[in-house]
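The numbers here are math on the coordinates, done by the rules we state, and not lab data. Just so it is clear, the structure is predicted and the values come from calculations on it, not from any experiment. Because the Cβ atoms are built from the backbone with ideal geometry, glycine has one as well, and the counts that use them run over all protein chains shown.
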Amino acid sequence: MAAVKKGMSKKVKVGLGIGAGLAAAAVAAYVLTGERGKKNRAKIKGWSAKLEKHASAEISKLKKTGVKEYQKVIAALAKKLPK
């Protein structure tokens, strides 16, 4: 994606954002549809179940639970779990 420069007009920034969103949607559709999509969805489902299990265990250990703490736990677990 092109770097958004400070001097760019609002129209250009909006156009870049829309373009990036459409590209992401196209990639998601390619990865999640068809025969390969079945396999990919199964992998994603398994990965998210593991993440949820580990996250709930880690979050229950926290004394203070807030958005920042939750985000730290999820980020740390996402790095640990295989992709």
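Between LYS63 and ARG36, the simple spin-label model (points 7 angstrom out along Cα→Cβ) gives 4.9 nm. Compute the Cα gyration tensor for the range 10-80, then decide on rounded, prolate or oblate, letting a ≥ b ≥ c be the square roots of its eigenvalues: rounded whenever a/c is under 1.5, prolate when a/b is larger than b/c in the other cases, and oblate in all that remain. The shape class here is oblate. Between the residues ALA23, ALA78, GLY46, the greatest Cα displacement towards the positive end of the dipole of the chain, with unit charges on the Cβ of Lys, Arg, Asp and Glu, is found for ALA78.
The residues neighbouring GLU69, those whose beta-carbon lies less than 14 Å from its own, together hold a net charge of +4 under the Lys/Arg +1, Asp/Glu -1 convention.
Within the same chain, lysines fewer than 8 places from LYS13 are excluded, and of the rest, those with a Cα less than 25 Å from its Cα are LYS5. Between helix 67-80 and the chain there is an angle of about 90 degrees, using the helix long axis and the longest principal axis of the Cα atoms. Against the longest principal axis of the chain, how steep is helix 34-61, in degrees 0 to 90 to the nearest 10, with axes from Cα atoms? Tilt of helix 34-61: around 50 degrees.
Label separation (SER56 vs ALA78): 2.1 nm, computed from points 7 Å beyond Cα along the C-beta direction. Here is how the number arises for the chain: DSSP H runs of 4 or more residues each give -39500 (n - 2.57), the sum is divided by the residue count, and the result at 222 nm is -27500 deg cm²/dmol.
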